[in-house]
Amino acid sequence: MKKIAIIILLLTSIKSFSQSLLASNEETIFSFKTKNGKTVLLAKDRKNAYLIYRYGKDNKIELEFPKDKKESWNKFTYFYYIRGGGKANAGLDLDRIAFVNANIEYVIYSDYSAGDFENEESYYIGIRVIDLKTKKETNIKGQKESTVGSMQDFRTNGLLKIDQNRID
């Protein structure tokens, strides 16, 4: 019984952290907590009027992109790579959403591997922050157990432009 209470508490806290950065007319597309306890949130208006990225902690937004929500769908790019075959073929499913703000590129990622070098399944999430002038890159890793949602719907829903030539 104690384990069930702990699981319910964890699920409630996972849902509430992303909800705290959402407006009432929005829904989460993809969200997670970083290792330092901040929230990465990709959300959209329920009527698909706009797409928004937010980063912050406990109702305090540190970065919101874009500031002007008009034409926001055109300010993001989706790219992905799939290699099927499960463990026998070291199957991969890599998803990325990228945007540029003030000469900084942000790449939200979700990586699944059916079998890595230790022949174990693995899942990684995070956001890479790349200074386009200096090429300095920072990788902010996410807590995989905090993941809410998925970016995979963008493969077929037509809401975001897909860059078929990029996967990094």
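The residue of the range 42-80 that is least open to solvent (accessible area, probe 1.4 Å), among those that are over 17 Å from PHE30 (Cα atoms) and in a strand (DSSP E or B), is GLU62.
Among residues of the range 55-79 that are over 17 Å from VAL100 (Cβ atoms) and touching a residue at least 24 places away in the same chain (Cβ under 8 Å), those with a beta-carbon under 7 Å from a residue that is assigned to a loop (DSSP other than H, G, I, E, B) and of a type outside the set (A, V, I, L, M) at least six positions away or on a different chain give the pairs GLY56/LYS38; ASP58/SER20; ASN59/SER20. Does LYS161 fit the bill of being touching a helix residue (DSSP H, G or I) at 6+ places or on another chain (Cβ under 8 Å), open to solvent by 70 Å² or more (accessible area, probe 1.4 Å) and not aliphatic (A, V, I, L, M)? Judged against the criteria, LYS161 is a match.
Among the numbered conditions (1) crowded, with 16+ Cβ neighbours inside 10 Å; (2) under 16 Å from SER31 (Cβ atoms); (3) out of contact with any Gly (no Cβ under 6 Å at 6 or more places or on another chain), the only one that TYR124 does not meet is (1). All told, THR156 falls short of being modelled with pLDDT of 95 or more and open to solvent by 20 Å² or more (accessible area, probe 1.4 Å). Regarding the range 96-106, can at least one residue be identified that is open to solvent by less than 40 Å² (accessible area, probe 1.4 Å) and at positive phi? Among the residues of the range 96-106, not one is open to solvent by less than 40 Å² (accessible area, probe 1.4 Å) and at positive phi, which makes the answer no.
The values are calculated or read from the model by the stated rules, or taken from the named source; none is laboratory data. Small disclaimer: the values here were computed from a predicted structure and weren't measured. Heads up, the Cβs are rebuilt from the backbone with ideal geometry, glycines too, and the neighbour counts pull from every protein chain shown. Protein only, heavy atoms only, side chains kept; ligands, DNA and RNA dropped before computing areas. Shrake-Rupley method; radii C 1.70, N 1.55, O 1.52, S 1.80 Å.
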